[in-house]
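Take a look at the structure below.
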Amino acid sequence: MKITLLIVFAAYLFTSQLIFAADIYKCFDDAGQPAFADSKTKAAYKNCKLLLIGDSPASDSKAQPSNRVRTPTPSDFPRVDKQTQNLRDNKRKQILQDELATEKLALEESRKTYAENQANAGVYRASNVRESGKIAKYEDNLERLKNEVSSHEKNVQLLQKELDSTR
């Protein structure tokens with residue numbers, strides 16, 4: 001009896017998927033959490049990528065049918081003239097340059113602080129041989145400083161990459 005019900009339920013699931021097939025998208029919400037949506041609800045999310053077309057897996061974003069007709073932009077849709085867009089682009093570029101300069105200063109300061117603490121590590125360990133708690137805190141502080149340097153290096157790389165894409 002249980003096996004019969006299981007087979008009937010499996011058959012129902014299989015046929016319902018064929019009948020109700022829809023495009024499935026993997027999206028991300030404002031908090032960066034992944035969510036799955038259909039074509040009707042994907043507008044509520046960011047960075048949606050097509051995963052499933054109807055009942056077949058989508059291998060790429062190019063899997064969308066090419067025979068779709070693009071809807072023209074409405075005539076009353078707001079447009080930005082070239083001069084205004086150039087001003088916006090220049091302002092964005094200036095902001096990125098300022099952020100990059102600030103991040104480079106923070107990186108140099110972090111490197112300097114890390115180097116000073118690392119240079120004094122041997123002396124600190126020798127003077128606190130009997131107090132392992134202090135040495136552990138010092139090691140934790142060195143690790144935190146190292147992570148801070150790494151974080152600033154990544155930020156500089158990302159800002160530089162963003163600036164390179166604006167040129």
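The values are calculated or read from the model by the stated rules, or taken from the named source; none is laboratory data. The structure displayed is predicted, hence computed values, not measured ones. Reconstructed Cβ throughout: ideal geometry from the backbone, glycine too, with neighbour counts over all protein chains shown.
Hey, does segment 117-124 have a residue that's modelled with pLDDT under 75, surrounded by 14 or more Cβ atoms within 10 Å (Cβ to Cβ) and touching a helix residue (DSSP H, G or I) at 6+ places or on another chain (Cβ under 6 Å)? Yes, there is a match, as at least one residue in segment 117-124 is modelled with pLDDT under 75, surrounded by 14 or more Cβ atoms within 10 Å (Cβ to Cβ) and touching a helix residue (DSSP H, G or I) at 6+ places or on another chain (Cβ under 6 Å).
From the list SER110, SER151, the lone residue that is within 30 Å of ASP89 (Cα to Cα) and part of a helix (DSSP H, G or I) is SER151.
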